[in-house]
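Working notes for the structure below.
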Amino acid sequence: MVFLWPTFLWLLLVLPLLVLLYVAVLRRRRAAAIHYPALGLVRAALGTGPRWRRHVPPALFLLGLAALLLAGARPLAVISLPSQQQTVMLAIDVSGSMRATDVQPDRMTAAQNAAKAFIADLPRHVRVGIVAFAGSAQLSQLPTQSHEDLTQAIDSFQLQRGTATGNGILLSLATLFPDAGIDISALGGRQAMPARPAQPIDEAGRAAGTQQGRPFTPVAPGSYNSAAIIMLTDGQRTTGVDPLEAAQWAADRGVRVYTVGVGTVEGETIGFEGWSMRVRLDEATLKAIAQRTQGEYFHAATAEDLKKVYETLSSRLTVEKKETEISALLALAGAALMVLAAALSLWWFGRVL
């Protein structure tokens, strides 16, 4: 816990002085009680009931005063609060390697089931958009609050050739920032297997990163709290935009990219339309994407793992830890303790403290 006005904490030195004053008052009462000849008067002066009761209201009053003084110092604490993120983009790999069966019943079906469960657990106020990417990226569903439309979009996935992870990130950004001038035409070309070198974002593409004619000013990575991207993929990039450069675009706009690697690290050999290939999980790139954007990387080697990953993401996107001023909470607690002290004193002794 830190304080915005730490000098205000010097007032806490009043508390020991009040304790000394209270002890002095008790001693004076005891000394005065000795001079009373009548035992009844002595008992009346000391009060009825257990002796510890007399100390409870003053102790509660001091605790309440301490809470009020701490509130005056304006404390900041890291607490869990409802997330401000209103839009989540799901960028899901629909390349042919998703037919691999190392995740039962197969990677694509497991991913679809987990994505639908993730959407079902989100609050209705959170909008979700879906981007499907293989050799190119397509917007399958604009951000919406309709879980039914999202489920229908997920069920309509068609497996294709190629894996353009960078395109999936850029199209997700273009959907989140439609006025940012992100050149979506760079995502259109599909390159055939085998893999070709990554397609860099050229200077013209960078120049397009302006908004309404004003130069774009990068922000701190992870600072944009209104949206996030979750990218699920099972293999290495084989075509399209360099995913690390696409991740830099997301970082410059403060958008976190959470990457989910599905499948086993050693991979699997699959066949499709007369050809076969070894599909491996490129964990290094996925971790770099998450690190660059202040996101997080998750590995899901089984369908159950994938489900747990989405459950974790759902909780993290709906609740976040933030440094928040808690002066009001301490002030409320202090006032409540003082009221309780006065009420107990009236109940037990017929007087306020």
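Structure summary
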{"item": "Pairs where the first residue, in the stretch 324-353, is closer than 21 Å to VAL56 by Cβ and open to solvent by less than 80 Å² (accessible area, probe 1.4 Å) and the second is among the basic types (Lys, Arg) and not in a strand (DSSP E or B), C-beta under 6 Å, 6+ apart", "result": "TRP348/ARG53"}
{"item": "Helices (runs of 4 or more DSSP H) fully within the stretch 280-353 counting 2 or more residues that are at pLDDT below 80 and over 30 Å from ASN167 (Cβ atoms)", "result": "327-349"}
{"item": "Failed item, numbered, when VAL219 is tested on (1) at pLDDT 90 or above; (2) open to solvent by less than 50 Å² (accessible area, probe 1.4 Å); (3) not in a strand (DSSP E or B)", "result": "(2)"}
{"item": "Helices (runs of 4 or more DSSP H) wholly inside the stretch 53-168 that include at least 3 residues being within 19 Å of the chain's Cα centre (by Cα) and surrounded by fewer than 20 Cβ atoms within 10 Å (Cβ to Cβ)", "result": "107-121"}
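The values are calculated or read from the model by the stated rules, or taken from the named source; none is laboratory data. Note that this is a predicted model, so its numbers are computed, not measured. When we count neighbours, we look across all protein chains shown, and the Cβ atoms used for this are built from the backbone with ideal geometry, even at glycine. Surface accessibility is based on the protein's heavy atoms, side chains included, excluding ligands, DNA and RNA. Shrake-Rupley method; radii C 1.70, N 1.55, O 1.52, S 1.80 Å.
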